[in-house]
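Undergrad: Dropping the structure in here first, questions after.
Nothing in this text is a laboratory measurement; each read-out follows from the coordinates by a stated rule. Bear in mind that the values here come from a model prediction, so they are computed numbers and not experimental data. A quick note on method: Cβ atoms are made from the backbone with ideal geometry, for glycine too, and the neighbour counts reach across all protein chains shown.
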Amino acid sequence: MVVSECRREESSLKRRKLWEEPMTMEKGSSSAYIGPMGLIKRHEFVRVIIQCLSSLGFHKSAFCLESESGICYKSKDFEVLEPEILNGNWEDCIKCLSGIKGLTDETRSSALFLILQQCLLEFLSHGDVSTALAFLQKQVSALKMETDKIRILAFNMLFKGSGEINSSISELRKKLLGELEKLLPPPVVLPERRLEHLVGTAVVSQIDSCVYHNSPGPVSLYEDHCCGRDQIPTDTVQILAAHQNEVWFVQFSYSGEYLASASSDCTAIIWKVLPDGGFTIKHTLQSHQNPVSFVAWSPDDTMLLTCGNVEVVKLWDVETGTCKRTFGDHGFTVSSCAWFPDSKRIVCGSSDPEKGICMWDCEGNELKAWRGMRMRKVLDLAVTSDGTHLISVFSDKEIRILNVLTNSEHIISEEHSITSLSVSADGNFFIVNLNSQEIHMWDVVGKWKKPLKYTGHKQHKYVIRSCFGGFNSAFIASGSENSEVYIWNRQRSKPLEVLSGHSMTVNCVSWNPRNPQMLASASDDHTVRIWGPVGTIISKEETIPNPCIMHFPLCTY
Amino acid sequence: MEYDPRLYEQIAVSDNDTHNIVLSYLIHNCFKETVESFICSTGIKKPADCLEDIDRRKRIIKFALDGNALKAIELTEQLAPDLLEKNKDLHFELLSLHFIELVRSKRCTEALEFAQKNLSPFGKVQTYVKKLEDLMALLAYEEPEKSPMFHLFSLDRRQMVAEDLNRAILAHTNQPSYSSLERLIQQTTVVDRQLNQEHGKEGQSSFSLEEFVKKKIRTSTQEFPSKGQKQDA
């Protein structure tokens, strides 16, 4: 803070008078309280503005405001303390500091410690050993310092022989002043950048209440921030009609460049997302004998796992579309699988209670298994993005969260059947769909006693899946048995939007991790729909039996 | 552990052993005249250079006990040039002794300068930091003997340092650092404790030498006179 340097002409006597009664001496408007509800003290407001002007570099303006308003940025205490430190009047300094009211003992002793440290350093650097010791002994007994601080002060004297300092004395004193400014509380010293902080808090609060908020970046101060529904996907932009039967699963790759869909027609399709927002088929993966109900992208997006309810697991190369490996046989059917972040290890959960959960490497070697009497059918499982937790859903009401590193586990018991599980991108939360038409969100570490609940969709009999999505994973989307897609803002339990378009049950949804305005849904009506914000060209519903898709370019990205 | 007293009587203790135990104790503690007279009285062989070595060591240890650590260091360096280098902890303790003496005699300025010159290298090593903080804090008090660090002035401390120095010098001249008597007492205590633990006897883990000796002497004189007892020389 360089405000003092601009004030050379003003006499300090006049200044001191101004501090005594800040409220009655103010020039300008007479009210002491301002703001919409009269909650803000005018002189505090002005003081904060002066600080802000200085921190933005407008020192002349800051000085002008001080004289015009009669309010001084620096408190009386600080105005006395500052020159004493800069001039090295240590005795006076300590007296002043001891006299400042409103300090906790801890703050006061920390401040005294800093001052003593600088003072001793200065004496010793001049070779003034006996003065240093005498000063130290006097202050220790007068101030009743804590033993710990005394020890450190004394210890540091070992290294401060004469002529051993790197910076100049005045630089060190300025540094000391800076440290004291950070230490001393208001009203003696204001916290740094106070106005920015206050405005920032208001902005953050507005963003938090903005239910449609779906993009990063700064917001304008001119109006209270509030996004419209054109920020989130609400309209069908494309229909992908290549499957011959019900589409049960859909998921974007981590890079957002691909979409995988799985169908009861026993195939899975890898779609490529084009730069203009359109989709084309990259590969159709055809070697399963039974319906494919689940896919999982490797974290590096080079491989895809597919599996089905009564079907083996296949590992596919995304680039070539060839099947690299098949895991298991008709004895071991896998209901769900997940990757570890190294893209080298896979966990699979079996619908056969005796098989439990297995961890494999990509070559098919079994690395670990969780089996045993307590194992029941595994309905779904997931691994958090940092690889620390393995979450599994057991038939049909139990969720087990295992910390893979410590091997500790905690269990959540739901009251209704769970059909699916989805983990947030940051690995801190997960959601489960229940047959009671609720989606429950829990925290991974297990601190929450109750879940957050989301309702509005329909789910009685089928496996319906949901997902996190949007900027900062602020939204949840889910399929529904009434052929609609539901979107919630995580903070509200009632749906934000209901998207119509499908003609049959929507089984699964996936939000593009790189494009917060692109959502995909998979339905029993044999199609995958791509949704985008209002304002993009609305598609007409057309299902085409060949792998050739109608698409309309997205305007937004 | 309680054993049948007769078991003890079956063990013969040779004169040679007892004399060596006593001699080792006397040498360890630098009782030069007693050593000479003991050797005369018992007729055992005098170890080579024994008396000169005791003399040298005794001087050094006395300086340390008196608080003249610098002289003790000087003589130790003469006797064994790399001993202190190899025993950093000991070196530190000796330097600290000198520092403490300076503070005690109110020569604080000298003490600080001494510390800056000789103790600051230790300050860069984490293991010495806490001890150095204690030492340096003495300078902060007008009456250091009333400070929380007053224990640094105690005689016990000086004795411990002197003893450590004694052991280091003995080790350096290829003599045992512990006298056989010490070791025997330590051995008995350890074994007794271990046996008590194995036999599950709680509360009997503290071995009292006095109790032990009292019991054993009383028992043997009551029940088994004369066999195995020796006349005084």
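Undergrad: Test of understanding: express the Cα radius of gyration of the stretch A:74-183 as a ratio to 2.2 N^0.38 Å, with N the residue count.
TA: 1.02
Undergrad: Using the Cα centre of the stretch B:49-176 as origin and beta-carbon charges of +1 (Lys, Arg) and -1 (Asp, Glu), tell me which of B:Asn118, B:His172, B:Leu84 is placed farthest towards the positive end of the dipole.
TA: Comparing the listed Cα positions along the dipole, B:Asn118 ranks first.
Undergrad: On to the next question. Under a cut-off of 24 Å between alpha-carbon atoms, report the lysines in cross-link reach of A:Lys397, not counting same-chain residues fewer than 8 places apart.
TA: Those lysines meeting the cut-off are A:Lys355, A:Lys377, A:Lys447, A:Lys449, A:Lys450, A:Lys453, A:Lys458, A:Lys461, A:Lys494.
Undergrad: Just flag the chymotrypsin sites (Phe, Trp or Tyr not before Pro) in the stretch A:436-530 sitting in loop per DSSP whose Cβ has no more than 11 other Cβ atoms within 10 Å.
TA: Nothing satisfies the criteria.
Undergrad: Whats the longest run of chain B with zero trypsin sites (Lys or Arg not before Pro) that are DSSP loop and have at most 13 other Cβ atoms within 10 Å?
TA: Counting at most 13 other Cβ atoms within 10 Å as exposed, the longest clean stretch of chain B is B:125-200.
Undergrad: Output the relative contact order of chain B, whole-number percent, from Cα pairs under 8 angstrom with separation of 6+ residues.
TA: 23
Undergrad: Now for a separate question. Computed over the Cα atoms of the stretch A:239-302, what is the convex hull's projected area averaged over all directions, in nm²?
TA: Computing the convex hull of the Cα atoms and averaging its projections yields 4.2 nm².
Undergrad: On the principal axes of its Cα set, how long, how wide and how thick is the stretch A:176-272? Give whole Å, largest value first.
TA: Reported extents, whole Å, longest axis first: 74, 33, 18.
Undergrad: Direction-averaged shadow area of the convex hull around the Cα atoms of the stretch B:49-176, nm²?
TA: Value for the stretch B:49-176: 7.8 nm².
Undergrad: Still on this structure: Sort A:Thr306, B:Thr188, A:Thr333, A:Thr201 so that the residue with the fewest other Cβ atoms within 10 Å of its own Cβ comes first and the one with the most comes last.
TA: Least crowded to most crowded, the residues run A:Thr201, B:Thr188, A:Thr333, A:Thr306.
Undergrad: How large is the Rg to Rh ratio of chain B when both quantities use alpha carbon positions and Rh follows Kirkwood?
TA: So for chain B, dividing Rg by the Kirkwood Rh gives 1.08.
Undergrad: Oh, and also: For the stretch A:229-532, report the % of Cα-Cα distances exceeding 26 Å.
TA: 39
Undergrad: While we're here: As I understand it, the value is the acute angle between the Cα axis of helix A:194-209 and the longest principal axis of the Cα atoms of chain A; what does it come to in degrees, rounded to 10?
TA: In chain A, helix A:194-209 runs at an angle near 20 degrees to the longest axis.
Undergrad: Against the longest alpha carbon principal axis of chain A, how many degrees, from 0 to 90 and to the nearest 10, is the axis of helix A:105-125 turned?
TA: Result, in degrees: 60.
Undergrad: Remind me, what semi-axes does the stretch A:198-357 give for its equivalent ellipsoid, largest first in whole Å, using sqrt of 5 times each Cα gyration tensor eigenvalue?
TA: Semi-axes (√(5λ), whole Å): 38, 19, 15.
Undergrad: Highest GNM mean-square fluctuation, chain B, Cα pairs closer than 10 Å: which of B:Glu36, B:Glu211, B:Glu52?
TA: Answer for the Gaussian network model of chain B: B:Glu211.
Undergrad: Could you list log10 I(q)/I(0) for the stretch B:1-109 at q = 0.10, 0.17, 0.21, 0.23 Å⁻¹, which the Debye formula gives when each Cα is one point scatterer?
TA: Rounded to two decimals, the profile gives -0.49, -0.88, -1.08, -1.18.
Undergrad: Enter the angle in degrees (range 0 to 90, nearest 10) between the Cα long axis of helix A:90-99 and the first principal axis of the Cα atoms of chain A, meaning the one along which they spread out most.
TA: 60
Undergrad: Give a quick list of chymotrypsin sites (Phe, Trp or Tyr not before Pro) in the stretch B:1-97 that DSSP marks as loop, anything other than H, G, I, E or B, with at most 10 other Cβ atoms within 10 Å.
TA: Sites meeting the loop and neighbour criteria: B:Tyr3.
Undergrad: If you add up the charges near A:Gly88, with Lys and Arg at +1 and Asp and Glu at -1, over every other residue whose beta carbon is less than 15 angstrom from its beta carbon, what do you get?
TA: -3
Undergrad: The stretch A:296-326 to the stretch A:416-452: how many Å between their Cα centroids?
TA: 26
Undergrad: What's the whole-number percent of alpha carbon pairs in chain A lying beyond 31 angstrom?
TA: The answer is 61 percent, as a whole percent.
Undergrad: Could you work out which residue, out of B:Asn118, B:Asn196, B:Asn20, moves most in a Gaussian network model of chain B, that is, has the largest mean-square fluctuation with Cα springs under 10 Å?
TA: B:Asn196
Undergrad: List the chymotrypsin sites (Phe, Trp or Tyr not before Pro) in the stretch A:206-249 that DSSP assigns to loop (not H, G, I, E or B) and whose Cβ has at most 16 other Cβ atoms within 10 Å. Which are they?
TA: Passing both the DSSP loop test and the Cβ count: A:Tyr222.
Undergrad: How do A:His283, A:His243 line up, fewest other C-beta atoms within 10 Å first?
TA: Exposure proxy ranking, most exposed first: A:His283, A:His243.
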